[in-house]
C-alpha cells in the first residue's frame, strides 16, 4: 500500500494462491484471508502488544509482562512461558493451568537463543526442530501421539500456524523470505533496508522487530551498520538520542523553567546553588543576591532574612505542593502578607537553611538549619507566584 505494507501476496502456479493482509491506522496487522478462505483477525492493547487472535472463530488470548509474552490461553489449552532473567531466551514452558495441572517442559537452545528441543522432566525429547538460516522450520519431530507443539522461534518471535508468519512484537516476520511485512517503525534508525530482519541471521537477533543485536548483547564488535542502538517506536520521525537526566538535573531544569516562564526570582535568591557569600551577605547588609545592589532608603545597610533550599528536588516539591492545593481539596491560599499579596505557607521538614540578621554582631548573622517549612507569594494583580523560599 502507500505506506509500504504488504497487502497482497501471490504464490503457486500462475500465482493463483492469494493471501490478503489488512492493517489498522498504526500499520499493525489486524487480519488476513488465505487462498483457501480461512480468515484470522488480531487485536492489540494500548502498548501495541497482540492480546488476541481469532482463527476461524477460535480465539486465543495472550498475556504480557512488559515486552515478554508470558502466557496464552484458549478453550482447549493454557500455556505459560518462563525466560532467562533479563533476556528473551525461553527457559521453560508450562502446559496446563494452575499449580496442580501445569506440566513443565524445558527449552534447549542454540547460540542465538532459538529453541532446538523441548524436554520433559525426565529429559525425554518431546519436540525438536531444524531451521534454515532465516528461521523457517525445515523439519519438526514430535514424540508420541499426545504431542506438544510449541510456537516460539527466534528470540521474541511467535509462530502463527494460520499464516506461517512469526509475530515479532512490533511487526510480523516472514521466515520464508527472511523479511518483514511492514517497514521498520523506527524508520531509518533501524538501517537503510527497512524490511531487513538482521544483517546476518546466524549471529544476530531482533527480539522486538525494531533493531538488531548479536548475542550476547552488546558484545564488542557487535554494531549494526547504519542503526541506532536502543531506538524506540515513533510513528512519525525517530527522535534523536537524548542523554538521561539524573533526578537532580531534571528537578533543576524544571524549577528553572518555572522560574523563567513566570518571571519569578526564587532561583536567584533562594535556589540551592546560591553562593555562600551572597547567601550570607544578604543577611548582613541586605544586598540583593541577583543584582548585587545594597538596600536603599531608610533600610540602607540593614540586613534582610536570607534562605535557600537544600536541593532542587526539595524546591520542586515545595512548588508543586503550593500550586496544587485546589486539586487536593484545599484552599488555594493560606492567607495574605502585609502588602496584601496572597501567600501559601506550608510545612516541609528539612526544606532548607537560612540566615537571620544579628543586631548585636552585624557581621555574624545567625544561621538556621533544617528549616521546617516554606512560603510562596503571589502577585496581587496576576495571582502568579513570584517567589518561593524556606521558612522556619
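Listing for the model above:
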item: Filter pass, residue 301 being free of Cβ contacts under 8 Å to residues at least 24 places away in the same chain, touching a helix residue (DSSP H, G or I) at 6+ places or on another chain (Cβ under 7 Å) and either more than 21 Å from residue 346 (Cα to Cα) or surrounded by 20 or more Cβ atoms within 10 Å (Cβ to Cβ) (or both); result: yes
item: Test: residue in region 29-38 that is closer than 20 Å to residue 159 by Cβ, exposed (fewer than 14 other Cβ atoms within 10 Å of the Cβ) and in contact (Cβ under 8 Å) with a residue 60 or more places away in the chain; result: yes
item: Residue within region 274-288 that is surrounded by fewer than 20 Cβ atoms within 10 Å (Cβ to Cβ), in contact with a strand residue (DSSP E or B) (Cβ under 9 Å, 6 or more places away or on another chain), touching a residue at least 40 places away in the same chain (Cβ under 8 Å) and closer than 11 Å to residue 389 by Cα present; result: no
item: Flag if residue 335 is exposed (fewer than 12 other Cβ atoms within 10 Å of the Cβ) and touching a strand residue (DSSP E or B) at 6+ places or on another chain (Cβ under 7 Å); result: yes
item: Some residue of region 115-128 being within 36 Å of the chain's Cα centre (by Cα), farther than 23 Å from residue 8 by Cβ and in a loop (DSSP other than H, G, I, E, B); result: no
item: Odd one out for residue 2, checked against (1) touching a residue at least 12 places away in the same chain (Cβ under 8 Å); (2) more than 21 Å from residue 164 (Cα to Cα); result: (1)
item: Residue match in region 298-306 (condition: modelled with pLDDT of 90 or more and closer than 29 Å to residue 248 by Cβ); result: yes
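This table checks each residue for (1) free of Cβ contacts under 8 Å to residues at least 24 places away in the same chain; (2) more than 17 Å from residue 283 (Cβ to Cβ).
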| position | (1), (2) |
| --- | --- |
| 315 | no, yes |
| 348 | no, yes |
| 354 | no, no |
| 361 | yes, no |
| 364 | yes, no |
| 371 | no, no |
| 374 | no, yes |
| 377 | no, yes |
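Rundown of residues vs (1) modelled with pLDDT under 95; (2) in contact with a strand residue (DSSP E or B) (Cβ under 7 Å, 6 or more places away or on another chain), yes/no style:
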position	(1), (2)
121	yes, yes
132	no, yes
140	yes, yes
146	yes, no
153	no, yes
156	no, yes
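The values are calculated or read from the model by the stated rules, or taken from the named source; none is laboratory data. None of the values given here were measured: they were computed from a predicted structure. Glycine gets a Cβ as well: all are built from the backbone with ideal geometry, and neighbour counts include every protein chain shown.
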